[in-house]
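Undergrad: Dropping the structure in here first, questions after.
The values are calculated or read from the model by the stated rules, or taken from the named source; none is laboratory data. Computed from a predicted structure; not experimentally measured. Note that each Cβ is placed from the backbone with ideal geometry, even for glycine, and that neighbours are counted across all protein chains shown.
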Amino acid sequence: MKDTILRISHLYKSFGSNQVLADFNLELQKGENLVVLGKSGSGKSVLIKCVIGLIEPDEGSIEVLGQDILAMDHEELDRLRVRVGFLFQSNALYDSMTVRENLEFPLRRRYIRNSDTDCDALVMEALANVGLEHTIDMMPVELSGGMRKRIALARTLILKPDIILYDEPTTGLDPITSLEIISLINMIREKYGTSSIIISHDMRCVKLTADRIAVLLDGRCFATGNYEQLSQIHDDRIHPFFN
């Protein structure tokens, strides 16, 4: 029996006259890497920002780990976010903080399950996961684009989330660095059993990470399936992605 840990039902979101999401429905299963595929501006980033409560939808429901996030107050939502990691497309590192301080930040401001947890040990474990222990006292400006992405991923990992939301994790990276990030995404799922929604239009990332793909088209979940299944669909709106 499937273990659904995130359920999006009949989600609508507009910005003025621009209808971004229109009756969008999707489920994420435990341990699954689910890619949401769509053209630029199709609403992919809006979708995952609704999931984490950064954007409030107009209609619909979102259940995350059995909880209705749209019924939560600020404190309840903040507690849930400990269990849901978010990797921003821009990385969102604090330029005035060292790598160590960037990674310590979520530990100091979130609700830690074990108050006796050793911050230093968690920081070093997170850095070891992305192969960047030597950067611990460096500033973000001293890091390459790929290294900043990996540090942002380490910060996302540090609270050991059950779910990770990746917003265009390979955008702006060279092909070799993109492969490194793709490998890390897969390693994280294998090592920690995380479930992930990966927003991407990088087809190499899609092919190498996705257990299942959901195509976001005209504001709704137009089709789902694995890479091979969707590549066989002869629809002019889907087929170009797989050429």
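Undergrad: Does H201 satisfy the criteria of being free of Cβ contacts under 8 Å to residues at least 12 places away in the same chain and surrounded by fewer than 20 Cβ atoms within 10 Å (Cβ to Cβ)?
TA: no
Per-residue answers, yes or no, for (1) of a type in the set (S, T, N, Q); (2) at positive phi:
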| site | (1), (2) |
| --- | --- |
| S40 | yes, no |
| I69 | no, no |
| E76 | no, no |
| R79 | no, no |
| N91 | yes, yes |
| Y94 | no, no |
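Undergrad: Of the conditions (1) within 19 Å of V84 (Cβ to Cβ); (2) under 13 Å from the mean Cα position of the chain (by Cα); (3) aliphatic (A, V, I, L, M), A214 satisfies every one except a single condition; which number is it?
TA: (2)
Undergrad: Hey, another quick one. Among the residues in region 131-139, are any assigned by TED's automatic domain parsing to the domain that holds D95, hydroxyl-bearing (S, T, Y), touching a Leu at 6+ places or on another chain (Cβ under 8 Å) and modelled with pLDDT under 90?
TA: For region 131-139, residues assigned by TED's automatic domain parsing to the domain that holds D95, hydroxyl-bearing (S, T, Y), touching a Leu at 6+ places or on another chain (Cβ under 8 Å) and modelled with pLDDT under 90: absent.
Undergrad: Is at least one residue of region 149-165 in contact with a Lys or Arg (Cβ under 9 Å, 6 or more places away or on another chain) and loosely packed, with under 13 Cβ neighbours inside 10 Å?
TA: no
Undergrad: Pairs under 6 Å by beta carbon, first residue in contact (Cβ under 8 Å) with a residue 24 or more places away in the chain and surrounded by 14 or more Cβ atoms within 10 Å (Cβ to Cβ) in region 40-60, partner of a type outside the set (A, V, I, L, M, F, W, C) and assigned to a helix (DSSP H, G or I), six or more apart or different chains?
TA: Correct list of pairs: I55/K49.
Undergrad: Assigned to a helix (DSSP H, G or I), surrounded by 18 or more Cβ atoms within 10 Å (Cβ to Cβ) and in the same structural domain as V51 (by TED's automatic domain parsing): which single residue out of L230, L216 fits that description?
TA: Only one candidate qualifies: L230.
Undergrad: Scanning region 61-86 for residues that are farther than 20 Å from D3 by Cβ and touching a helix residue (DSSP H, G or I) at 6+ places or on another chain (Cβ under 8 Å), which turns out surrounded by the fewest Cβ atoms within 10 Å (Cβ to Cβ)?
TA: M72
Undergrad: Go through region 170-197 and count every residue that is modelled with pLDDT of 95 or more and over 18 Å from N129 (Cβ atoms).
TA: Qualifying residue count for the region: 1.
Undergrad: Output the number of the condition that E180 fails; it satisfies all remaining conditions of (1) closer than 23 Å to T4 by Cα; (2) in the same structural domain as I52 (by TED's automatic domain parsing).
TA: Failing condition for E180: (1).
Undergrad: Within region 206-232, how many residues are touching a residue at least 60 places away in the same chain (Cβ under 8 Å) and closer than 20 Å to G172 by Cβ?
TA: Of the residues in that region, 2 qualify.
Undergrad: Separate question: Report, by residue number, each residue of region 30-46 that is under 11 Å from the mean Cα position of the chain (by Cα) and at pLDDT 95 or above.
TA: N33, L34, V35, V36
Undergrad: Give G219, G146 a once-over and let me know the one that is in contact with an Asp or Glu (Cβ under 9 Å, 6 or more places away or on another chain) and farther than 23 Å from G38 by Cβ.
TA: G146
Undergrad: Condition (residue is of a type in the set (D, E), out of contact with any His (no Cβ under 7 Å at 6 or more places or on another chain), modelled with pLDDT of 85 or more and outside the structural domain of H134 (by TED's automatic domain parsing)) applied to region 92-105: is it met by at least one residue? Give the derivation first.
TA: The initial filter retains those residues of region 92-105 that are of a type in the set (D, E), namely 95, 101, 104.
Next cut, out of contact with any His (no Cβ under 7 Å at 6 or more places or on another chain) only: 95, 101, 104.
Next, from what is left, pick out any that are modelled with pLDDT of 85 or more: 95, 101, 104.
Subsequent filtering for residues that are outside the structural domain of H134 (by TED's automatic domain parsing) retains none.
No, region 92-105 contains no residue that is of a type in the set (D, E), out of contact with any His (no Cβ under 7 Å at 6 or more places or on another chain), modelled with pLDDT of 85 or more and outside the structural domain of H134 (by TED's automatic domain parsing).
Undergrad: May I pose another question? Among the residues of region 18-29, is there at least one that is under 21 Å from A223 (Cα atoms), charged (D, E, K, R) and in the same structural domain as T171 (by TED's automatic domain parsing)?
TA: Looking for residues that are under 21 Å from A223 (Cα atoms), charged (D, E, K, R) and in the same structural domain as T171 (by TED's automatic domain parsing), one finds at least one in region 18-29, hence yes.
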